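Peer 1: Encoded as structure tokens, here's the structure I'll be asking about.
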């Protein structure tokens, strides 16, 4: 049995031959472990210890501290824009092109022609203006920032009229009413939860009104006895009353969506045909790029946004701008295969079934079966809009399988008491890894 006197002194303990050269991190870990040992002995929780085991525990904790907290996962849930797993995937080709700027010095805010300070936003603005056919654009760090900046710039201490059915809350308790309050804008609610008519907006306009705002119903939809006011009608009211119209799209897309998903979700080209004052949308949702808030609209309004001192806190860095620029170039060249979000969504059932069959044959037909099912887009986009997919159903108790696969960095889903590996969200270069994980788990 050992006593407190037997607890090793920290300086002597750190000289153990198994430890690397002493550094602040190793010292901190060792100090905490020895302090815990002393505490446990004083509390009579333990009466003995093995110094060799103590060394191994400290060494293990030290080694683990250098493992990355962020880890790659295989998204087999079928949800392409899975918020908890990073939403849009960036293609390796886009990242490789962007890395030339990211991994070195660049002209981020340097005007090479004039030899003076430049503007960081100009690197994406020309291509983005061409893509969207708008007068000007501005990019901030996410769409929540875009909403806040627009309201603070144009509606501070003034009224912005919004439908009650569009006062949304999305992930992370982000609520439109709270954002409006924090921005300094005065919220003027109109209509009912399920019905808001053009007349509701018209009757609410007063001398303190500066903006009519339309908000995408992210993560939910209102069905049945309901009615919404079209953006075209809101735009008409704004023009008649000399007000700003602002459409928070949440997520914007450009090419036509498959499976009739775009029927109730207008595309960016459709909205922009109306020449809106301002719109905003996320860069990392249906647009398929890095996290960003993209604002587009009239040039004089964008210029006012750029003069708002808050922009300094909301601006994007060279990493975001570089990836976003390469994504926009892919759009302009119609190389949609370089935008994984769109590529995954556009795969047809035959192709998914062929890939699933190949994986199943390698796993073993007796261990799983191929099923046709439905999935959702995720990320607050296309709410309640199902579309077809193909999955492999692994035989066995679903909850146990889910845990085992999760521990091996494959995240699937449970549906009707079956554990599924859904190919709608699976990238082709991970299929061999899936086979290896399956052979290990089942």
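Peer 1: Most fluctuating residue of 161, 339, 349 in a GNM of the chain with Cα springs under 10 Å: which is it?
Peer 2: Greatest mean-square fluctuation among the candidates belongs to 349.
Peer 1: Could you give the semi-axes, largest first, of the ellipsoid that matches the range 4-64, computed as the square roots of 5 times the alpha carbon gyration tensor eigenvalues and rounded to whole Å?
Peer 2: Three semi-axes, in Å: 20, 11, 10.
Peer 1: What number do you get for the range 107-153 when its Cα radius of gyration is normalised by 2.2 N^0.38 Å, N = residues? Could the numbers behind the result be given before it?
Peer 2: Numbers: Rg = 12.9 Å, N = 47, 2.2 N^0.38 = 9.5 Å.
Taking the Cα Rg and dividing by 2.2 N^0.38 Å, one obtains 1.36.
Peer 1: Based on the alpha carbon coordinates of the range 92-338, what radius of gyration and maximum Cα-Cα distance (Dmax) apply, in Å?
Peer 2: Gyration radius and largest Cα-Cα distance of the range 92-338: 18.4, 62 Å.
Peer 1: Here's a follow-up. Helix 92-102 versus the longest principal axis of the chain: what angle, 0 to 90°, nearest 10, using Cα atoms?
Peer 2: Taking Cα atoms only, the helix is inclined about 90 degrees.
Peer 1: Report, in deg cm²/dmol and to the nearest 500, the calculated mean residue ellipticity at 222 nm for the chain, where each DSSP H run with n ≥ 4 adds -39500 (n - 2.57) and the sum is divided by the residue count.
Peer 2: Values: 17 runs with 172 residues, N = 442.
Value at 222 nm, helices only: -11500 deg cm²/dmol.
Peer 1: Relative to the longest principal axis of the chain, what angle (0 to 90°, nearest 10) does the C-alpha long axis of helix 24-42 take?
Peer 2: It works out to around 60 degrees.
Peer 1: Report the residue, chosen from 313, 213, 41, that carries the largest GNM mean-square fluctuation when the chain is represented by alpha-carbon nodes joined by springs under 10 Å.
Peer 2: 41
Peer 1: Over the alpha-carbon set of the chain, divide Rg by the Kirkwood Rh and report the Rg/Rh ratio to two decimals.
Peer 2: A ratio of 1.08.
Peer 1: Within a 10 angstrom radius of the beta carbon, how do 179, 316 rank from fewest other beta carbons to most?
Peer 2: 179, 316
Peer 1: Test of understanding: what is the full-extension gain from residue 31 to residue 270, defined as 0.36 nm times their sequence separation minus their Cα-Cα distance?
Peer 2: Residue separation times 0.36 nm, minus the Cα-Cα distance, leaves 79.8 nm.
Peer 1: As a test of understanding, state the convex hull volume per residue of the range 261-358 from its alpha carbons, in Å³.
Peer 2: 139
Peer 1: Hey, any idea what Rg/Rh is for the range 192-311, computing Rh the Kirkwood way over Cα pairs?
Peer 2: That ratio equals 0.97.
Peer 1: On a 0 to 90° scale, report how tilted helix 51-64 is relative to the longest principal axis of the chain, with both axes built from alpha carbons and the result rounded to the nearest 10.
Peer 2: For 51-64 against the chain, the angle is about 20 degrees.
Peer 1: Further, regarding this structure: Please report 261, 410, 4 as a ranked list, fewest other C-beta atoms within 10 angstrom at the top and most at the bottom.
Peer 2: So the residues, fewest neighbours to most, are 4, 261, 410.
Peer 1: Can you run the Rg to Rh ratio on the range 305-368? Use alpha carbon positions and the Kirkwood inverse-distance Rh. Walk me through the numbers on the way to the answer.
Peer 2: Details: Rg = 20.5 Å, Rh = 15.7 Å.
So for the range 305-368, dividing Rg by the Kirkwood Rh gives 1.31.
Peer 1: Does the range 18-132 come out rounded, prolate or oblate by the C-alpha gyration tensor, with a ≥ b ≥ c the root eigenvalues, rounded set by a/c under 1.5 and, if not, prolate when a/b is larger than b/c and oblate if not?
Peer 2: prolate
Peer 1: Tell me, what are the semi-axes, in whole angstrom and largest first, of the equivalent ellipsoid of the range 262-305 as set by the roots of 5 times the Cα gyration tensor eigenvalues?
Peer 2: The answer is 20, 16, 6 Å, longest axis first.
Peer 1: Taking neighbour counts of Cβ atoms within 10 Å as a proxy for exposure, in what order, fewest first, do 130, 381, 373 appear? Could you put the intermediate results ahead of the total?
Peer 2: Numbers: 130 12, 381 26, 373 18.
Lowest to highest Cβ neighbour count: 130, 373, 381.
Peer 1: In addition: Determine, at each q value in 0.19, 0.20, 0.27, 0.33 (inverse angstroms), the log₁₀ of I(q)/I(0) that the Debye formula gives when each Cα of the range 332-375 is one equal point scatterer.
Peer 2: Treating every Cα as an identical point scatterer, log10 I(q)/I(0) equals -0.70, -0.74, -0.97, -1.13.
Quick note: the coordinates plus some simple rules give every number you see, no bench work behind them. Because the structure is a prediction, the values reported are computed rather than measured. Every residue, glycine among them, receives a Cβ derived from its backbone with ideal geometry; neighbour counts consider all protein chains shown.
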